[in-house]
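See structure below.
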Amino acid sequence: MFKKQIAICVALVAAIAPLSSLAQGEGGERPNFLLIVFEDMSPHIGAYGDPVVQTPVLDAFAEDAVLYERAFTTAGVCAPSRAALAMGVPQQAIGAQQMRVSSGVELEDGSRLPYTAVPPSYVKAYPELLRRAGYYTTNNGKTDYQLGLDSYRGGPFTIWDDSDAAHPWRGRAEGQPFFAMVNIMETHESWTFPLDLDPDAHPMAQRLGAQLREALTGRPRVHDPADVVVPPFLPDTPLVREELSQMLDNIHYYERTVARLLEELEEDGLADDTIVIVTTDHGDGIPRAKRSLYDSGLQVPLMVRWPDGHGAGTRDGQLVSFVDMAPTILQLAGEDVPGWLAGRVFLGPETGPERRFVYAAMDRHDEQQDFSRAVRDDRWKYIRNYEPERPFFRHLGFRDMQRSMQELWRLHEAGELPPRIEQYFTAPRPEEELYDTWADPYEMANLAQDQRYARVLEQMRAALARYQNRFDDRSIGGELAMVERMWPGLEQPVTAAPTAQVTQGGLVRLTSGTPGASIGYRIDGGPWEIYVEPIALGEGETLEAKAVRYGFAESSATTKVGE
């Protein structure tokens, strides 16, 4: 996977020394983690300076939290972004960069083959590492990490104690620390689609239309379309304003989930033991934000509330990448940070050297192929388009259900778009893009050909080249070649079933012949546990075990009856 391993260097930072007691509590107990992830949402929060949006819950949370001003995901679309978030490595280094792998690679005969990402054998999702360390780990339904053929609920069963949890933490054992990921899906782009979707527009149109009519009909309007800020990459029309106001309304209504979760932490006496993190999977679900490498698609809110209120109401300007989440949470939990993780520890008693750059990737979206990479520092954004012959905007069935996208197509076909927007329909697009995000926060003026910035361009090129030299970018050579590497013969590999051996002490040891396989087991049909060490099996008890290597098919089950 990596051309060289990444060493995680940590240094004690005197300025945050008071955090040393927070990582493991006053009595040495490990902290709980509640990670709340909104969908498709840039920093539209009053505390971030949005002049229009009404977010009383998130504003109040910001008063109790550290607000990170420059946090970025690794992709402007959910599944690749979530893969990097869960695994702590760039999605293109593990074969998870296409959106989605379950929609399939195009074969030579024109058919499509759904597949899975297959990371190197030693790469594990950090919730599984926490689970191995005794944490109760839960998710509430969207396991969209590209590791299973079911795009939403596929993937290794060993990552979560409960991957479709009715409640984030109440299923755990008494006193057991927890890591809970809660996904707020009602801010997704589909929640801004028109209520009267044409059932023939897309295979999902009928279901989405019914969902929207049920949820939104009769709901009071909070944001006036006349008040919204229309970004310069969209046309300022009534339909666009209507969509943007609905997007802000969704944030306003569904931030209440955060309030409910915080209240339940208080009710259960857990608020003083839980680190609460609020972020989003990527930027806004609007054209030229979602599915892009611009800050409109990559920059996300990130707020962290410490149990003792440390840093409450403060702002942090360091660059943070989604791949930083894994090493940070592992260290705060008191666990070793594997050297293969790509990120740095960005908060806590020991942080790594300050990040100079964040990186992102853009690849296939549904039926539309693409291949671009980006690097950003404190000020400059560089984008390298490896397939410039493809215009940025092309027809995508799902996105074309949006009113804003329909307006873009209508005005483009009528020749009525201003040049600043029309450029996204033009091919070839520039091979290189360079933006001064201080002077041009919407990234509208490409400076790559301006000789005044030649030195900056070369520096950013070099930064991207160094990053690409550290990782095996599996988009190079094409998607089909990548799949053939991961699935030899274009067939999903199958994990070897566990072998059960009784030790001299009478315990049952489980092993799998597949390198890197994770093993789960249950006794007498109980809940699946993750295998860490030999198991005591009582007389007459039945142990059932199965194994899975990430991206492989699960093994068949092995059973053993206690003697």
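Coordinate-derived values only; no laboratory data. Keep in mind it's a predicted model, so treat the numbers as computed, not measured. When we count neighbours, we look across all protein chains shown, and the Cβ atoms used for this are built from the backbone with ideal geometry, even at glycine.
Here are some notes:
- About the Cα centre, charge dipole magnitude for region 421-523 (Lys/Arg +1, Asp/Glu -1 at Cβ), debye: 820
- Temperature 20 °C, viscosity 1.002 mPa s: under these conditions the Stokes-Einstein estimate for region 439-563, based on its Kirkwood radius over C-alpha pairs, is 112 µm² per second.
- Extension gain, GLU413 back to ASP378 (0.36 nm per residue minus Cα-Cα distance, nm): 8.8 nm
- The protection proxy used here, the mean number of other Cβ atoms lying within 10 Å of each residue, ranks peptides 462-472, 127-137, 320-330, 99-109 as follows, highest first: 320-330, 127-137, 99-109, 462-472.
- Entries of LYS290/LYS546; LYS142/LYS381; LYS142/LYS290; LYS142/LYS560 with Cα pairs more than 28 Å apart: LYS290/LYS546; LYS142/LYS381; LYS142/LYS560
- Relative compactness, region 512-563, computed as alpha-carbon Rg over 2.2 N^0.38 Å: 1.15
- Placing +1 on each Lys and Arg Cβ and -1 on each Asp and Glu Cβ, with no other charges, gives region 164-231 a dipole about its Cα centre of roughly 300 debye.
- Rounded to the nearest 20, the size of the Cβ-charge dipole of the chain about its Cα centre is 1520 debye, with Lys and Arg at +1 and Asp and Glu at -1.
- Residues in region 522-535 carry Karplus couplings, in order, of 8, 10, 6, x, x, x, 6, 10, 8, 7, 10, 8, x, 10 Hz; the curve used is 6.51 cos²θ - 1.76 cosθ + 1.60 with θ = phi - 60°, and Gly or Pro positions show x.
- Alpha-carbon spread of region 98-181, three principal axes, descending order, Å: 56, 29, 15
- Taking every Cα-Cα distance in the chain and sorting them into 10 Å bins from zero, the calculated P(r) comes out as 3, 17, 28, 27, 17, 6, 1, 0 percent.
- Computed from the Cβ-Cβ distance with R0 of 56 Å, the FRET efficiency linking GLU242 to ARG522 stands at 0.65.
- Looking at region 281-363, the GluC sites (Glu not before Pro) that sit in a DSSP loop and have at most 16 other Cβ atoms within 10 Å of their own Cβ are GLU354.
- Alpha-carbon geometry of region 309-461: the Rg and the Dmax are 19.6, 60 Å, given in that order.
- Dipole of the chain, positive end: most advanced residue of THR351, GLN299, LEU234 [Cβ charges, Cα centre]: THR351
- Förster radius 41 Å - calculated FRET efficiency between ASN446 and ALA166, Cβ distance, rounded to 0.05: 0.25
- The orientation-averaged projected area of the convex hull spanned by the Cα atoms of region 372-490 comes to 9.9 nm².
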